[in-house]
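Contents: one structure, followed by commentary.
The numbers here are math on the coordinates, done by the rules we state, and not lab data. Note that the coordinates shown come from a computational prediction; the quantities given were computed from them, not determined experimentally. All Cβ positions, even for glycine, are placed from backbone atoms using ideal geometry, and neighbour counts span all protein chains on display.
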Amino acid sequence: MKIHNFSAGPSILPQEVMQQASQAVKELDESGLSLIEISHRSKAFIEIMEEACERALQLTGLQGKGYKALFLQGGASQQFLMSAYNLLEKKAGFVNTGTWSTKAIKEAKLLGEVSEVASSQDANFNYIPKNYSVPSDLDYLHLTTNNTIFGTQIKSIPDTEVPLVADMSSDIFSRKFDYSKFDLFYAGAQKNMGPAGTTLVIFKEDALGKVSRSIPSMLDYAVQAKAESMFNTPPVFAVYTSLLTLRWIENQGGIEKIGIKNAAKATHLYGEIDRNSKFKGFAAPEDRSHMNATFNLTDPSLSETFDKICQTAGISGLKGHRSVGGYRASIYNALPIDSVEVLVDCMQILEKEY
Ligand SMILES: *Cc1c(COP(=O)(O)O)cnc(C)c1O
């Protein structure tokens, strides 16, 4: 049976990427060797790393604009600490929009003063704060562009002179976006780019060198940049598979085209959430994520019934995070609209028959 994978992360990847990646594990480009047994210093792998970094810059429109792309390890969670290590001299500002922002704040506090510029904690993070003022004395302002757990997404970037840093783990490459507004952004691969194991970090080269502390080598962007993401052995499989996804995005027409498809999927699903009397959306409508749609049953006693209907239809990974409950449909780039249609059918079956 075809499975419709709505998992929040690790999550769905394009079928052709899975096939190419599994082939490369058997044999990379007729080399007689597997991707995962060759030296990361080999010509073949150096080319993979270079192409992956180049494509990441191209897709974000940052090629030739003074930015550098790196593929590191430690997940987005390590970037919470690493970004502060490299950029926080005195004070950083954060917009707290959920679990991931809260974790980023905790790490930054180890290294300097933190100002929570705005928060939506008062409503269990079901909206994106707006119209807050950004103090001018911040080293940077940190945003989480898409809140994977709560299903909210920043639609417009705050207008400020302060450098911007962003966690884009769950919406990178998902929509047209002015990436040049950011000094640094990062994304764990496993939501919208590849398997777990690598994190893409893109930063403006002149954003570095402004802190006085000494930085451990593995946490120093300058060290990692000088070594072209190979200060130590990189996660070769995760980087290669991410590269395959970046090529796939390009073949789809780039992020603008992908963004149009994502908007169509989201509109279809939210339309049903709003229309169907058995469901209600969690996030404030104007802040709804095009990547993770969160919703609940109006009558929670129907949950077993709805779960059965979904299971029969081959739907997987729909359970909401424990801090929101209900359901979360992650509709990342690789999820076809057919899968959204199957989910909408299940919602309609519940409404008609129960
Ligand atoms: C999943 C996620 C993280 C955590 O990523 P790890 O790679 O597991 O550290 C951080 N931020 C956001 C927005 C996420 O969705």
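Using the Karplus relation 6.51 cos²θ - 1.76 cosθ + 1.60 with θ = phi - 60°, the per-residue 3J(HN,Hα) values for region 231-240 come to 5, 10, 4, x, x, 4, 5, 5, 5, 4 Hz, with x marking Gly and Pro. In order along region 29-43, phi translates into HN-Hα couplings of 6, 6, 8, x, 10, 7, 3, 8, 10, 8, 5, 6, 8, 5, 4 Hz, rounded to whole numbers, per the Karplus curve 6.51 cos²θ - 1.76 cosθ + 1.60 with θ = phi - 60° and x for Gly and Pro. Listed by Cβ neighbour count within 10 Å, with the fewest neighbours leading, V17, V25, V134 appear as V25, V134, V17.
For V162, the shell of other residues with beta-carbons less than 10 Å away shows a net charge of -4, using +1 for Lys and Arg and -1 for Asp and Glu. Distant-in-sequence amide contacts of Y67, defined by a placed amide H-H separation under 5 Å and a gap of 5 or more residues or a different chain, comprise E205. Listed cross-link partners K91/K181; K103/K176; K90/K176; K155/K308 are compared with a 30 Å cut-off, the Cα-Cα value being larger for K90/K176; K155/K308.
What order do you get for 296-303, 186-193 when each peptide is scored by the mean count of other beta carbon atoms within 10 Å, highest first?
Working: 296-303: 13.8, 186-193: 27.2.
Most protected by this proxy first, the peptides run 186-193, 296-303.
Only helical DSSP H runs with n ≥ 4 go in: add -39500 (n - 2.57) per run for the chain, normalise by residue count and round the 222 nm mean residue ellipticity to 500 deg cm²/dmol.
Only helices count here, giving -11000 deg cm²/dmol.
Taking a straight line from the alpha carbon of K65, these aspartates and glutamates sit under 14 Å away, with near neighbours fewer than eight places off in the same chain left out: E54, D178, D183, E205, D206. Amide H to amide H, with H built 1.01 Å from N, T152 comes under 5 Å of N147, S289, counting only residues 5 or more places away or on other chains.
Between E205 and S301, the FRET efficiency from the beta-carbon distance, with R0 = 45 Å, is close to 0.20.
Each 5 Å bin from 0 upward holds the following percent of the Cα-Cα pairs of region 253-353: 2, 13, 25, 27, 19, 9, 3, 1, 0.
The string of couplings for region 298-310 from the Karplus curve (6.51, -1.76, 1.60, θ = phi - 60°) is 6, 10, x, 5, 8, 5, 5, 4, 5, 4, 5, 4, 5 Hz, one whole number per residue in order, with x for Gly and Pro. Note on the chain: along the principal axes its Cα atoms extend 63, 57, 30 Å, ordered by decreasing extent.
For F279, the residues whose amide H sits under 5 Å from its own are T298, ignoring neighbours fewer than 5 places away on the same chain, with H placed 1.01 Å from N.
So how much slack lies between A264 and V25, counting 0.36 nm per residue of separation and subtracting their Cα-Cα distance, in nm? Working shown, then result.
Working: separation 239, 0.36 × 239 = 86.04 nm, distance 3.47 nm.
Value of the extension gain: 82.6 nm.
Spacing of the modelled spin labels on Q121 and R322, each 7 Å from Cα toward Cβ, amounts to 2.0 nm.
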